[in-house]
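*Asks:* Below is a structure I'd like to ask you about.
Bear in mind these aren't lab numbers, they're just calculated from the coordinates by the rules spelled out. This one's a predicted model, so the numbers in the text were calculated from it and none came from an experiment. No Cβ is skipped: glycine too gets one built from the backbone with ideal geometry, and neighbour counts run over all protein chains shown.
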Amino acid sequence: MEYQQARRCRVVLVPLPFQGHITPMLQLGAILHSKGFHITIAHTQFNFPNPLNYPHFDFLALPDGIGAQTISADNFIATITAFNTKCKDHLQDSLARIMEKDDQHNKTACIIYDEYMYFAEEVAKHLRISSIILSTSSAAKMLSYIAVPMLQKNGYIPIQDSKMLELVPGLEPLRFKDLTITYFRKLDDLLQLMAKALDPRSSSSIIWNTMDCLEHLTLAKIKQEYQLPLFPIGPLHKTVPAISSSLLEEDHGCMSWLDKQPHNSVIYISLGSVASMDNKDIVEMAWGLANSEQRFLWVIRTGSTALPEGFQETVKDRGCVVRWAPQQEVLVRTAVGGFWSHCGWNSTIESISEGVPLICQPYFGDQRVNARYLTQVWGVGLEWENDMNRKDIEEAIRKLMVSKEGELIRQRAKELKEKIESSMNQGGSSYNSLNELVKLIWSF
Ligand code: UDX
């Protein structure tokens, strides 16, 4: 409460309503609440959280006309575009009504919005309040987006198959195959969305769920490009007491199983909230795990019907399969010695904050960028680039869990964890950035 003053200062948060984006925004809300701010979450009706789980926040529902649907790489852009066109008027009118009651003791300070919910900046500008962007992914991802106009100018886009394995000039160690734009069928739509998400317009600054010790050079390049204050205050989930933001029900039953397993013996497998293996890959993964003879906790979101006959009998109680795990709690457990991950940014941050080394199997979006940094820059992961076949899977798991090479990677992960912890301690970079951010918001 160090900056709390006699007046009440409201901060309005506008998350993109997908799991990987809601979580860091709610964590930021909890952090700012602990610093004395009054928090209003302006949330689409799509994936609207249960307010009873967050008694310390106010909620404002934004009609979005989307209805219930499953988000995939195919409808991602259309859905985001719909949010940006359909939610603006309601947010503007609702905030205008709230702000009518503002006085010298009660103030609406600013809107903090997910970079993809850019309509919120227009609302803030119209209401003459400040706005701040929350970037929920890595700085490296943003740098790879910023480079797109240069790549277009130099004739690299659309990317030719023959170039896939070449390093991208200025973005090393990324290869062309690691760029988000490489896999999108509707490239023009993606380029338009990127341009909108990248444009800070009148926003005063950018908050990041990253750490200076992790992405110092990248953040410096972005700062040079934008000439705006950047606040890398991550890892958000370690800065705030745990809050549950899970859209799916967590299976806590696996925790008692996990607690019975020896130190560093379990590989945790999860692909986040969007990516998934097809049935054929699930079968290969199952036999790869069984043949590796390692213990495992495996999240199969899409149902376990595809597990092959004889698998359960083979692995017995050496493995545990759930639909959705309490991931942050899982990664804290000392039994977990490795993470087979799609490398979404939240999973990445959650894993490295606990010193858990990874096998990196990226699918789309920013995941390839994160995987590349995890394996080539921070040295805390093994790159998985093969087709899914049981023999290679078995080998990769053994390599991470029980080989000399795996031990070195685990050692580096432990050292990175220590650096991250230092950045959060008094005087560390994330600690200082958060104080600066809080000061800035009070000054609005
Ligand atoms: C999406 C994109 O896919 C990702 O690339 C981007 O960086 C963020 O948005 P998602 O696929 O859900 O995110 O992955 P990730 O960012 O890793 O977030 C998943 C979240 O779900 C994590 O916070 C993780 O703790 C949680 N989770 C995952 C669970 O709580 N239980 C699980 O079983 C799996």
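*Asks:* Under 10 Å, Cα contacts only: if you run a Gaussian network model on the chain, which one of Asn370, Asn386, Asn47 comes out with the highest mean-square fluctuation?
*Replies:* Asn386
*Asks:* Moving on to the next point. Can you tell me which of Asp366, Asp199, Asp387 moves the most in a GNM of the chain? Springs connect C-alpha atoms under 10 Å apart.
*Replies:* Asp387
*Asks:* Considering the chain as a Gaussian network with a 10 Å cut-off on Cα pairs, which listed residue, Gly381, Gly36, Gly338, attains the greatest mean-square fluctuation?
*Replies:* The residue that fluctuates most here is Gly36.
*Asks:* Per-residue ellipticity at 222 nm for the chain, helices alone: DSSP H runs ≥ 4 residues times -39500 (n - 2.57), over residue total, nearest 500 deg cm²/dmol?
*Replies:* -12500 deg cm²/dmol
*Asks:* For Cys110, which sequence-distant residues (separation of 5 or more, or a different chain) have an amide H within less than 5 Å of its own amide H, given hydrogens modelled in the peptide plane?
*Replies:* Here the answer is Val12, since their amide H atoms fall under 5 Å of that of Cys110.
*Asks:* Using +1 at the Cβ of each Lys and Arg and -1 at the Cβ of each Asp and Glu in the chain, identify which of Ser204, Gln152, Cys343 lies farthest towards the dipole's positive end.
*Replies:* Value computed over the given set: Ser204.
*Asks:* Run the numbers on the chain and let me know its relative contact order in percent, using alpha-carbon pairs under 8 Å that are six or more apart.
*Replies:* 16 percent.
*Asks:* To continue, here is another question. With each label point set 7 Å from Cα along the Cα-Cβ vector, what nm distance links Gln160 and Ser276?
*Replies:* Placing both labels 7 Å along Cα→Cβ, they lie 3.9 nm apart.
*Asks:* Here is a further query. I need the GluC sites (Glu not before Pro) found in segment 306-379, filtered to DSSP loop residues with at most 16 other beta carbons within 10 Å of theirs.
*Replies:* Glu309
*Asks:* Toward the positive end of the charge dipole of the chain, about the Cα centre and with charges on Cβ (Lys, Arg +1; Asp, Glu -1), which of Met25, Ile133, Pro362 goes farthest?
*Replies:* Checking the options against the dipole of the chain, the answer is Ile133.
*Asks:* May I ask you to list the trypsin sites (Lys or Arg not before Pro) in segment 186-216 that are in a DSSP loop and have at most 13 other Cβ atoms within 10 Å of their Cβ?
*Replies:* Passing both the DSSP loop test and the Cβ count: Lys186, Arg201.
*Asks:* Continuing with the same structure: Can you find, among Leu191, His216, Ala124, the residue farthest towards the positive end of the dipole of segment 105-246? Put +1 on the C-beta of Lys and Arg, -1 on that of Asp and Glu.
*Replies:* Farthest towards the positive end: Ala124.
*Asks:* Still on this structure, please answer the following. To the nearest 20 debye, what charge dipole does segment 254-421 have about its Cα centre, counting +1 at the Cβ of each Lys and Arg and -1 at the Cβ of each Asp and Glu?
*Replies:* 240
*Asks:* Same structure again: Taking the Cα centre of the chain as origin and charging only Cβ (+1 Lys, Arg; -1 Asp, Glu), how large is the dipole, in debye to the nearest 20?
*Replies:* With Lys and Arg at +1 and Asp and Glu at -1, about 740 debye.
*Asks:* Which loop-located GluC sites (Glu not before Pro) does segment 365-444 contain, where loop means any DSSP state but H, G, I, E or B and the Cβ has at most 14 other Cβ atoms within 10 Å?
*Replies:* Glu385
*Asks:* A 24 angstrom limit on the alpha carbon distance is what I want to check against. Which of Lys153/Lys196; Lys177/Lys417; Lys223/Lys439; Lys141/Lys177; Lys141/Lys163; Lys88/Lys223 exceed it?
*Replies:* In this structure, Lys177/Lys417; Lys88/Lys223 lie more than 24 Å apart at Cα.
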